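The block underneath contains the structure these notes are about, expressed in structure tokens.
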Amino acid sequence: MNILLLGSGGREHALAWKLSQSPLCSALYIAPGNTGTAICGTNLSFSATDFAAVTDCCKEKKIDLVVVGPEDPLVKGITDHLRGIKDLGGLMIIGPSAEAAQLEGSKAYAKKFMALHNIPTAAYREFTAADFDEGIKYLRTHQLPVVLKADGLAAGKGVIICEDHEQAVTEFTQMLKGSKFGEAGSKVVVEEFLSGIELSVFALTDGKDYVLLPEAKDYKRIGEGDTGLNTGGMGAISPVPFADEAFMKKVKERIVEPTIKGLEQDQLDYKGFVFFGLIKVNGDPFVIEYNCRMGDPETEVVMPRLENDLVELFIATAKGKLKEQKIRISPSAAATIVAVSGGYPNDFRKGLAIKGLDAQQENTLVFHAGTKEVDGQILTNGGRVFCVTSLAPGIQQAVLASGKLFEKIHFEDMYYRKDIGYEFTHS
Ligand code: AMP
Ligand code: GLY
């Protein structure tokens, strides 16, 4: 089977690593990939949103299966585009249609879907410039804190938690009148603040049935103890200690199953990952957000714990036969720690030489993200540069093992959090 994987982050290196282990994978191409994915297959130099290049590649390389890593091509309609091409009749695609990807691409769409299918989430209202004055009135009497969300994709920056009414009114005005977040902020979701602890749950669905992958918890803030700016993720752990059997039963019954049934009822074409961003409030799960793809850096702990053949799972997904699949999960815990370039998520330098990336340690893996090779040397090429994942009997040991490999890897300005999993490692 010839496989094309779209994307270039740590998530894609972890997916490429897993796909390349399958005896069903005869050729793996990654576009555009990074220096890590190049170890697992062949990198191709076009962007994941260049639909014409993706189409040509599928024809030229006789691709059987396309796996879409990031949300951008999905929300822009890559799945519908490929399905519409006559010569690509039998092509299998992992990733929902543009309509279904609105679950991530539009917060208002996701909220409507949850309301329709009785899926627990924070109470909300949506506003546009047309009902601006009503929105201001609503905000002035809203319980605090209040959460404002730009409706569209805003590179993870579109959520603002406001502690007072003045801030809420200012942010709301900037989104609707000052085009903060551009088109993405032309509709605003105003939401009740939920207080609890978050986790990420992943399902793979063929649109009727689903399997659950290992759950994970990511650490989004730049600073230790979850302080400072939000980032694309500084580390992750799996399993999540508070996601015990009783809690996961509620997650399945109240959230995952109604969501999959909802997709079917609404006739949404969905063959791919559903990422449930959840929050546990007084023992009960609520949906904070849906994503139509795997998480990053969660994938870097989920894939190493998944014992199934990923290609087999994807074929079953594409053919509507997931019901026949059983997920096998390693009992080991996994922890990943992300190395970023100093200054990230604000300004940072690129092109810094990385030493020791080929360091080896038993039960530890290095996944590349923002890296590139120039004249045989690996250089940084983004804010999030690579991550180190370890498997061990417990979370604390896994975190320690990843930290140990960091002693052998270095680039100027390298920064990483030393407290990943902290809530679960100091007992
Ligand atoms: P999102 O982009 O929807 O994932 O939101 C980013 C982050 O904002 C989430 O991971 C939460 O930490 C926080 N957040 C979003 N919505 C809420 C809410 N209703 N209550 C509390 N925190 C929230
Ligand atoms: N780690 C969160 C995300 O991928 O959106």
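Pairs needed: first member in the range 193-206, farther than 30 Å from A318 by Cβ; second member anywhere, within 15 Å of ligand 2 (Cβ to nearest atom) and open to solvent by less than 10 Å² (accessible area, probe 1.4 Å); C-beta distance under 6 Å; at least 6 residues apart or different chains.
Pairs found: L194/I279; G196/I279; E198/I279.
Mind listing just one residue for me: the one in the range 253-274 that is among the aliphatic types (A, V, I, L, M) and not in a helix (DSSP H, G or I) and, of those, farthest from ligand 2 (Cβ to nearest atom)?
L268
When the residues of the range 275-323 are narrowed to those that are over 28 Å from A246 (Cβ atoms) and aliphatic (A, V, I, L, M), which ends up nearest to ligand 2 (Cβ to nearest atom)?
L310
If I filter the range 49-66 for residues that are polar (S, T, N, Q), within 22 Å of Y270 (Cα to Cα) and outside any helix (DSSP H, G or I), do I get at least one hit?
Within the range 49-66, one or more residues are polar (S, T, N, Q), within 22 Å of Y270 (Cα to Cα) and outside any helix (DSSP H, G or I).
Of the residues in the range 204-224, how many are away from ligand 2 (no atom under 15 Å from the Cβ), open to solvent by less than 50 Å² (accessible area, probe 1.4 Å) and under 30 Å from K271 (Cα atoms)?
Restricting attention to the range 204-224, the residues satisfying the condition of being away from ligand 2 (no atom under 15 Å from the Cβ) are 204-212, 223-224.
Still in the list and also open to solvent by less than 50 Å² (accessible area, probe 1.4 Å): 204-207, 209, 211-212, 223.
With under 30 Å from K271 (Cα atoms) added as a condition, the list becomes 204-207, 209, 211-212.
Adding up the residues that qualify gives 7.
Those residues that are assigned to a strand (DSSP E or B), open to solvent by 10 Å² or more (accessible area, probe 1.4 Å) and in contact (Cβ under 8 Å) with a residue 40 or more places away in the chain, I need them from the range 1-44; list them, please.
Hit for the range 1-44 is N2, nothing else.
Of all residues in the range 345-357, which are over 14 Å from V374 (Cα atoms) and within 26 Å of the chain's Cα centre (by Cα)?
Residues satisfying the conditions are P345, N346, D347, F348, R349, L357.
Is at least one residue of the range 49-60 surrounded by fewer than 17 Cβ atoms within 10 Å (Cβ to Cβ), under 30 Å from M234 (Cβ atoms) and in contact (Cβ under 8 Å) with a residue 24 or more places away in the chain?
yes
Would you confirm, using the coordinates I've provided, whether T227 is open to solvent by less than 60 Å² (accessible area, probe 1.4 Å) and hydroxyl-bearing (S, T, Y)?
no
I'd like the full set of residues that are more than 23 Å from L357 (Cβ to Cβ) and open to solvent by 60 Å² or more (accessible area, probe 1.4 Å), limited to the range 398-427.
If the condition is that a residue be more than 23 Å from L357 (Cβ to Cβ) and open to solvent by 60 Å² or more (accessible area, probe 1.4 Å), then Y422, E423, H426, S427 are the ones that fit.
Any residue that is touching a residue at least 12 places away in the same chain (Cβ under 8 Å), away from ligand 1 (no atom under 16 Å from the Cβ), buried (at least 17 other Cβ atoms within 10 Å of the Cβ) and within 20 Å of S330 (Cα to Cα) - is there at least one of those in the range 254-271?
No; the residues of the range 254-271 include none that is touching a residue at least 12 places away in the same chain (Cβ under 8 Å), away from ligand 1 (no atom under 16 Å from the Cβ), buried (at least 17 other Cβ atoms within 10 Å of the Cβ) and within 20 Å of S330 (Cα to Cα).
List the strands (runs of 3 or more DSSP E) inside the range 325-423, counting only whole elements, that have at least 2 residues being closer than 30 Å to T205 by Cα and free of Cβ contacts under 8 Å to residues at least 60 places away in the same chain.
Result: 384-392.
Restricting attention to the range 67-76, which residues are assigned to a loop (DSSP other than H, G, I, E, B) and open to solvent by less than 10 Å² (accessible area, probe 1.4 Å)?
Once the filter is applied, which keeps residues that are assigned to a loop (DSSP other than H, G, I, E, B) and open to solvent by less than 10 Å² (accessible area, probe 1.4 Å), the range 67-76 yields only G69.
Residues checked against (1) surrounded by fewer than 20 Cβ atoms within 10 Å (Cβ to Cβ); (2) within 20 Å of Y219 (Cα to Cα); (3) within 16 Å of ligand 1 (Cβ to nearest atom):
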| position | (1), (2), (3) |
| --- | --- |
| V281 | yes, yes, yes |
| R293 | no, yes, yes |
| D296 | no, yes, yes |
| E300 | no, yes, no |
| L322 | no, no, no |
| V338 | no, yes, no |
| Y344 | no, yes, no |
| L352 | yes, no, no |
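Based on this model, can you work out whether A150 counts as open to solvent by 20 Å² or more (accessible area, probe 1.4 Å) and either aliphatic (A, V, I, L, M) or within 30 Å of P297 (Cβ to Cβ) (or both)?
no
Of the numbered conditions (1) open to solvent by 10 Å² or more (accessible area, probe 1.4 Å); (2) closer than 23 Å to I94 by Cα; (3) in contact with a Cys (Cβ under 8 Å, 6 or more places away or on another chain), E171 satisfies every one except a single condition; which is it?
Evaluating E171 over (1) open to solvent by 10 Å² or more (accessible area, probe 1.4 Å); (2) closer than 23 Å to I94 by Cα; (3) in contact with a Cys (Cβ under 8 Å, 6 or more places away or on another chain) leaves (2) as the failure.
If a residue has to be closer than 21 Å to P304 by Cβ and either under 22 Å from the mean Cα position of the chain (by Cα) or crowded, with 21+ Cβ neighbours inside 10 Å (or both) to count, how many in the range 366-397 make the cut? Walk me through it before giving the result.
Taking the range 366-397 first, the residues closer than 21 Å to P304 by Cβ are 366-371, 384-397.
Okay, now just the ones that are also either under 22 Å from the mean Cα position of the chain (by Cα) or crowded, with 21+ Cβ neighbours inside 10 Å (or both), so 366-371, 384-391, 395.
Summing the residues that are closer than 21 Å to P304 by Cβ and either under 22 Å from the mean Cα position of the chain (by Cα) or crowded, with 21+ Cβ neighbours inside 10 Å (or both) in the range 366-397 gives 15.
The values are calculated or read from the model by the stated rules, or taken from the named source; none is laboratory data. Since this is a predicted model, take the numbers as computed values, not measurements. Ideal geometry is used to build each Cβ from the backbone, glycine not excepted, and the neighbour counts take in all protein chains shown. The accessibility values were calculated without ligands, DNA or RNA, using every heavy atom of the protein model including side chains. Shrake-Rupley method; radii C 1.70, N 1.55, O 1.52, S 1.80 Å.
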